[in-house]
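Written below as structure tokens is the structure these notes are about.
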């Protein structure tokens, strides 16, 4: 049985993208990460594997263009998360304005409600909505105390 890494590699090869050692390491990082990563996060995690920062930036852009990862812009900072294997096209994030912590919520009820809104927009305005990102800001429980 194919792993998610195998599936991504096969997908990239089918799109004429070489799966280099550094690209494979970056994909593996996203597959195990539970948080949003920026280029510096990726570099810090992969520098011992001899992956340079310019290589990180190039690979982030390639993986984004090929819809393997998704870019989220939060306060002007480029963050990335896995896009492949996500069944839901609604991404809800909360960012603490004090400590900067970012959390993602996968709430079925909220997703259903937003999906209804997406269908309304598709019907009324004849638009094909592929992805929705909501970024809420406020104070997390730790900072509110």
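Key figures
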| item | result |
| --- | --- |
| Pairs, first within 16 Å of residue 66 (Cβ to Cβ) in the stretch 17-45, second in a helix (DSSP H, G or I) and modelled with pLDDT under 95, C-beta under 6 Å, six or more apart | 31/4 |
| Residues satisfying the stated conditions in the stretch 16-48, i.e. more than 23 Å from residue 102 (Cβ to Cβ) and either surrounded by fewer than 12 Cβ atoms within 10 Å (Cβ to Cβ) or within 13 Å of the chain's Cα centre (by Cα) (or both) | 16, 18, 21, 48 |
| So residue 63, is it within 25 Å of residue 101 (Cα to Cα), in contact with a strand residue (DSSP E or B) (Cβ under 6 Å, 6 or more places away or on another chain) and modelled with pLDDT under 95 | no |
| Hits in the stretch 94-104 - residues which are assigned to a strand (DSSP E or B) and either closer than 17 Å to residue 142 by Cβ or out of contact with any strand residue (DSSP E or B) (no Cβ under 9 Å at 6 or more places or on another chain) (or both) | 94, 95, 96, 102, 103 |
| From 80, 85, residue being surrounded by fewer than 13 Cβ atoms within 10 Å (Cβ to Cβ), touching a helix residue (DSSP H, G or I) at 6+ places or on another chain (Cβ under 7 Å) and either under 24 Å from residue 13 (Cα atoms) or not assigned by TED's automatic domain parsing to the domain that holds residue 22 (or both) | 85 |
| Within the stretch 55-83, considering residues that are in contact (Cβ under 8 Å) with a residue 60 or more places away in the chain and over 19 Å from residue 22 (Cα atoms), the one nearest to the chain's Cα centre (by Cα) | 72 |
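The values are calculated or read from the model by the stated rules, or taken from the named source; none is laboratory data. Since we're looking at a predicted model, the values are computed, not measured. Don't worry about glycine lacking a Cβ; one is built from the backbone with ideal geometry, like all the others, and counts go over all protein chains shown.
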